[in-house]
């Protein structure tokens, strides 16, 4: 059973436990104008599973280890649209993001600052894209502050700050509201007690909600009540009202407010904090109403813009936590039951708690019990980390077509000197390559089959042309598969350099085909498939020099060579077909520029049999593939981007084979292997050539 985090977050005396709970608390306290507050791991090998918030602009915020030197943690945001991670830096110590505005260009959070006594203290900060640096929001006279939420535009920030020490030298904090217009914090006061904290702010920033101490009773007992502060009244309003008898209602906390500021949600608890009910307060009724439970306690975390859909966490009767979604029509339902009512049965990991809901109330985000973020809607639910990994694997699908073209250029046509003809003669050949790629993100199978014709009209030149078909197939996880097919034409011209044994070869490649993509993923734990069939087009050119038989050692002849190759593959954009969570991929172009140097060796062992050998070094000039981007379709969908795969830039190739006269032609076969890179890990090249 997953341990509930609600009590840790709600107990105000633990609010200062920032190293342990601040990031999670920040996620939970994100204001409603951040329409889809979610817990999502930062992608592309960030090295840490740090949970972050994201808004409708696709901006994610959180804490991520930028490096391990000194164990520093810097505030960072990740833009799903560009796939770029931006390190916001710090004010001098540990920093983390708590919330972003709707457009994602203003971020708030906390950072360590070196205090006058030489020790770090925590300060709330605000970062804007325009200024590009953290701004210390200051305090209300103490040393500590924390920025917890931000309005839609980003010009109002709320949280809590220390006040000056009181007469008893006691540290205490008050809720604050900071505005860009004033450039300073406004003390929102309390409900008569010592401390208060602001958890949320409405869209325009004129309504703030949170919790505050009330005056101690005759026995010195403390209690906290939910409050709503409005700019119009300039003071806090106590929202607390009895719910379900006198055992419930001693403590309450307002955690979120809708866009207009007239609906507030949170939790109301018994005096010993052992019992809690999610509540919803409306300005129209002027009182709290219990949203019920699922058999245990419940806690409201977020509310949609209109205020008629509430989400949070509820405990089952057996103590297991669940994310819940509440409406006046359905009442409180676990997300699992909500999905089941729409025909989706959840298998595997259950939900833990919900942290956000979109404007319309038909998308819920939160955390699964396995620790991953989820996004749920009536078509299903995805483990976002798992879903992202599946997208990332498919994002590199264009590399299949690039690699296939490379196998033609440097496999089937990797030794043009073996095709040289006597003047006036022609040849016809059939060739094929088959191998496996284990170097990159794909474990793929590759194959090439072609027929060709060559003619040498003069001593100075030879013309070759080939027509062929490529095929490759890669596993994309959960039984999904990507298959690349293309048909190509390969014209080639071999020129003799006058008065030397040097040959210059100019080769071109043009291929058309498609990718047949079966992206498998788990929708609410159920294996689901989405399909796409984008067209591909590949162009390539190679310039190569061979110094034929430049070195002779006994019967062995060595032909040094060098080449420069450019390949370009264009992949059309496409929209996946399938239920659940289909995506739309944007078109993109992959480039590959490689330089090669090596030598081919021949050693005749008889009049009819020759041993062939090859040793080659290759360098690719690009260090990563092209960024792949697209859009998750449907409610709650957002743009995403993945940087291209990191490429192995330098590798070695070796080959060993035989060439023999067979019947009326010449047959050859060579087994090849590479250390890394886009060429297959190993492959067999075979050829049969007739000369006439």
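The values are calculated or read from the model by the stated rules, or taken from the named source; none is laboratory data. For clarity, every value in this text was computed on a predicted model and none was experimentally measured. Note that we place each Cβ from the backbone using ideal geometry, even for glycine, and neighbour counts take in every protein chain shown.
Figures for the structure shown
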| quantity | calculated |
| --- | --- |
| Scan of the stretch 279-295 for residues that are assigned to a strand (DSSP E or B) and more than 19 Å from residue 355 (Cβ to Cβ), ordered by number | 281, 282, 287, 288, 289, 290, 295 |
| Residue match in the stretch 268-291 (condition: within 29 Å of the chain's Cα centre (by Cα) and either under 30 Å from residue 221 (Cβ atoms) or in contact (Cβ under 8 Å) with a residue 12 or more places away in the chain (or both)) | no |
| Strands (runs of 3 or more DSSP E) (entirely within the stretch 584-692) containing at least 2 residues that are within 23 Å of residue 562 (Cβ to Cβ) and in contact (Cβ under 8 Å) with a residue 12 or more places away in the chain | 588-604, 609-620, 650-662, 665-674, 682-691 |
| Enumeration of residues in the stretch 479-504 that are more than 26 Å from the chain's Cα centre (by Cα), surrounded by 14 or more Cβ atoms within 10 Å (Cβ to Cβ) and closer than 26 Å to residue 400 by Cβ | 485, 486, 488, 489, 490, 492 |
| Selection from the stretch 265-291 of residues that are touching a strand residue (DSSP E or B) at 6+ places or on another chain (Cβ under 7 Å), at pLDDT 95 or above and farther than 14 Å from residue 209 by Cα | 278, 291 |
| Tally of residues being part of a strand (DSSP E or B) and surrounded by fewer than 16 Cβ atoms within 10 Å (Cβ to Cβ) across the stretch 458-476 | 6 |
| Residue match in the stretch 530-539 (condition: over 30 Å from the mean Cα position of the chain (by Cα), surrounded by fewer than 22 Cβ atoms within 10 Å (Cβ to Cβ), modelled with pLDDT of 95 or more and not in a loop (DSSP other than H, G, I, E, B)) | yes |
| Selection count where residues are without any contact (Cβ under 8 Å) to a residue 60 or more places away in the chain, surrounded by fewer than 24 Cβ atoms within 10 Å (Cβ to Cβ) and over 31 Å from the mean Cα position of the chain (by Cα), scope the stretch 138-173 | 17 |
| Filtered residue count, the stretch 290-318, keeping only those that are under 26 Å from residue 149 (Cα atoms) and crowded, with 16+ Cβ neighbours inside 10 Å | 19 |
| Wholly within the stretch 328-443, strands (runs of 3 or more DSSP E) carrying at least 1 residues that are farther than 25 Å from residue 658 by Cβ | 331-334, 351-357, 363-368, 373-377, 380-383 |
| Unique residue being more than 31 Å from the chain's Cα centre (by Cα) and part of a strand (DSSP E or B) when the list is 569, 552 | 552 |
| Residue check for residue 344: surrounded by fewer than 24 Cβ atoms within 10 Å (Cβ to Cβ) and out of contact with any helix residue (DSSP H, G or I) (no Cβ under 6 Å at 6 or more places or on another chain) | yes |
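Yes/no matrix, rows are residues, columns are (1) at pLDDT 95 or above; (2) in contact with a helix residue (DSSP H, G or I) (Cβ under 7 Å, 6 or more places away or on another chain); (3) farther than 30 Å from residue 103 by Cβ:
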| site | (1), (2), (3) |
| --- | --- |
| 198 | yes, no, no |
| 206 | yes, no, no |
| 210 | yes, no, no |
| 224 | no, yes, yes |
| 228 | yes, no, no |
| 240 | no, no, yes |
| 246 | no, no, yes |
